[in-house]
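The values are calculated or read from the model by the stated rules, or taken from the named source; none is laboratory data. Please read these numbers as outputs of a predicted model, since none were measured by experiment. Every residue, glycine as well, gets a Cβ built from its backbone with ideal geometry; the counts of neighbours run over all protein chains shown. Surface accessibility is based on the protein's heavy atoms, side chains included, excluding ligands, DNA and RNA. Shrake-Rupley method; radii C 1.70, N 1.55, O 1.52, S 1.80 Å.
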Amino acid sequence: MKYKKCISVLALFLLGINVTFASNDDRYFQAYSEIINSKPNNEEALMTLVADSRVLSDSSPFASVYIALLQSLVDHPTGFEEYELAPAHHLQEVKNSQPSLYYRHQILSAYNLAIQDRWRLAHSQIDEVIAFADNNDSELFFDASATKSIFLARMGLIRASLNSNAKIVGELPSLSEKRFFGDGAIENMELEIGLNMSYLGEDSHALELCSRAEAFFLDRPVASPHRYYQIALDCQRRSLENSGRIDEAFATLKRYVEYATSIEDWDSYVYGIVLKIDYFYSLDKVNKAYELIEKTEHFVPSLPTSYDTNTYQISRFKGLVEQKEFESAKALSAAIIDNLNDEYSSSDLHWAQFKSIQSSLFEQTGNDKAAIAALRDSKNFYQSLYYQTDDREEIFSDYYESALAERKLKLLEQQHELAQMELSNSNRLNFILGAGALTLVALLALISYLYTVQRRLKREQETLAKVDTLTGVRNRRSLLSAVQLEINKAKAYQNDLSLVLIDLDYFKAINDNHGHECGDDLLKAFCEHVSKSIRKTDIFGRYGGEEFILCLPKTSAAEAKKVVDSILDGYRKLRISAAISAQTFSAGIALYQKGGEISKLIKQCDDALYAAKRHGRNRVCIYVQED
């Protein structure tokens, strides 16, 4: 559900398809345009029009591709449905005679790969479309590039997605004519950028862009997909929530649910109900959450199983367990397992959440062995989510970062202007172009060299700015920045996050009795031990002196304590020198709560750390909110 609205924006660009490869007398394109102008709003209406078309019902390769493009515009409410594709044996003929039509179809194929999490193939395929469309088909290039940016956002590389958009957003005004639904191209792009910014926590810009998109799509023709307007509302709701404007966020969510109800979009309705339940839980209005579940518990299960109905059932399961209605909870858990075993709607995140609640149910009913097994299963499912994001680093575009790149762009623009000049003297033209080309080559070579040097120096400076020179781990500034980014992600995607503050016990005595060199050796050995004991997705660094911070994304406080206890056990066994061994540390853990700031989270860790020291050091304590 966390990525749902992000990836479904792909349809924004598919609706902006401009079939520039088709001339006005192309009978397939004409039939295609006639169906678009009839504004079918569901697959049944669409296929009736296709069957009535003498051209598109002829079963030719071209007809099958046009039908696939048409089908991409209807009945795609959640963003997780695969597109229907033309038969593979039809595509080669289309590629040979109308390559732009073929490559536009490949956008749908790449999207299907993306929702199957086959990211390497999806990116490879969309890059192939972009390479073909560049200098061949401007609108196809735009649509493929926009799809690429959505893929990056779906992978969680939000800034990379924004930078990808930056490369094409300036070209939108030059797309003077769209064949259908094209008047919303700029609004489509603004909505997608606003949505990304809302996930990133850049809330003021997100609100501005998504508010404009809401106003635009509210007045769109009836046949325009309702989800554009709904995505704009959801974007605003998230940004208001991130800004702490909870009442306004909840009011926007109510509008979202009311609109979904009015158009009988039950997928979006369930998504909104789940968000409402989460709001009530986060605001400690547990009774309100239970009341909403009771009002909807008979209606929602009657709907087709989907991603959000499963999420709703898991929320309902949580409510039953917390209310100690164990028999009802057991019956519902069996139904949830059946639904999650359905390949279409299953999700590692769903399984992880369900198993965690199931573990609580087993524990409260006295089945400790099953509780431990369920908790282990939950951890394994969460771990699979980490594997899906390993080694994905944010990619920052030179469009924003490099002044040399801007100079290079200006130089290429000057070359273009020079090529357009009409000079009467051909000898003079050849001389100018020749001299200009030599100058350009020399300048580009110099710029390329300077740019390479600049990037190398920049990488070195960034490394020095981020690393504690003694221990080799993150320094305080880099550490807090990285933790804040993880908090933003936890807030945007509603994930757990645990923060740990670690203080080495009696470290001052080491320095006083054995010298600062021995103290430095201990710090380095400790950091090396921790770095080897944590995941790639965890954040670790030196907070100051002998204090360190460990950030564990997507990890509950109980799970974090197991991790830190294991680190402490290993640290006790370290032998730094003949005089220094069997060292210990004290640690405090705090679980991130929605709406909390990083300073508050660190303060809670510090309170828990103080409790650990007060009880004799050499232990790990979890912060408990006082009533």
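Could you list, in their original order, any pairs among LYS466/LYS600; LYS295/LYS330; LYS324/LYS613 whose Cα atoms are separated by more than 31 Å? Present the calculation step by step, with values, prior to reporting the outcome.
Details: LYS466/LYS600 23 Å; LYS295/LYS330 20 Å; LYS324/LYS613 36 Å.
LYS324/LYS613, as the Cα separations exceed 31 Å there.
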Legend entry - Interchain or long-range residues, amide H under 5 Å from TYR543's placed H: PHE548, ILE549
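List the relative contact order of the stretch 521-627 as a percent without decimals, with contacts defined as Cα pairs under 8 Å and 6+ residues apart.
On the way: 126 pairs, mean separation 22.6, N = 107.
Reported as a whole number, the value is 21 percent.
What does the C-alpha gyration tensor say about the overall shape of the stretch 279-331? Classify as rounded when a/c is under 1.5, otherwise prolate if a/b is larger than b/c, or oblate. Please list the in-between numbers first.
Details: a/c = 1.82, a/b = 1.26, b/c = 1.45.
It comes out oblate by the Cα gyration axes.
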Legend entry - Vicinal HN-Hα couplings computed from phi for the stretch 94-101 (Karplus, 6.51 cos²θ - 1.76 cosθ + 1.60; Hz; Gly/Pro x): 5, 4, 5, 9, 9, x, 5, 5
Inset, instruction - List every residue whose amide H lies under 5 Å from the amide H of VAL467, counting only residues 5 or more places away in sequence or on a different chain, with H placed 1.01 Å from N in the peptide plane. - result: ASN475
Inset, instruction - Compute the Cα gyration tensor for the stretch 94-134, then decide on rounded, prolate or oblate, letting a ≥ b ≥ c be the square roots of its eigenvalues: rounded whenever a/c is under 1.5, prolate when a/b is larger than b/c in the other cases, and oblate in all that remain. - result: prolate
Inset, instruction - Answer rounded, prolate or oblate for the stretch 212-304, using the Cα gyration tensor with square roots of eigenvalues a ≥ b ≥ c: rounded when a/c is under 1.5, else prolate when a/b is larger than b/c, else oblate. - result: oblate
Legend entry - Over 31 Å between alpha carbons, listed pairs LYS491/LYS524; LYS254/LYS489; LYS276/LYS532; LYS491/LYS562: LYS491/LYS524; LYS276/LYS532
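Count charges around VAL620 for me, please; just the other residues with Cβ under 13 Å from its Cβ, Lys/Arg as +1, Asp/Glu as -1. Display every interim value, and only then the final one.
Working: positive: LYS561, LYS562, ARG572, LYS613, ARG617, ARG619; negative: ASP503, ASP505, GLU559, ASP565, ASP569.
That works out to +1.
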Inset, instruction - Pop out the ³J(HN,Hα) list for the stretch 111-118 in order, Karplus 6.51 cos²θ - 1.76 cosθ + 1.60 with θ = phi - 60°, rounded to Hz; leave Gly and Pro as x. - result: 4, 4, 5, 5, 6, 8, 6, 9
Legend entry - Backbone HN-Hα couplings from phi across the stretch 232-243 [Karplus 6.51/-1.76/1.60, Hz, Gly and Pro as x]: 4, 5, 5, 4, 5, 4, 5, 5, 5, 5, 4, 7
Legend entry - Surrounding net charge for ALA582, when Lys and Arg each add one and Asp and Glu each subtract one, Cβ distance under 12 Å: +1
Legend entry - Protein accessible area in the stretch 79-162, 1.4 Å probe - carbon and sulfur %: 45
Inset, instruction - Can you check what the Kirkwood hydrodynamic radius comes to for the stretch 533-627, Cα pairs only, in Å to one decimal? - result: 14.2
Legend entry - Rounded FRET efficiency, nearest 0.05, which uses the C-beta distance separating SER33 from GLN92 and R0 of 22 Å: 0.30
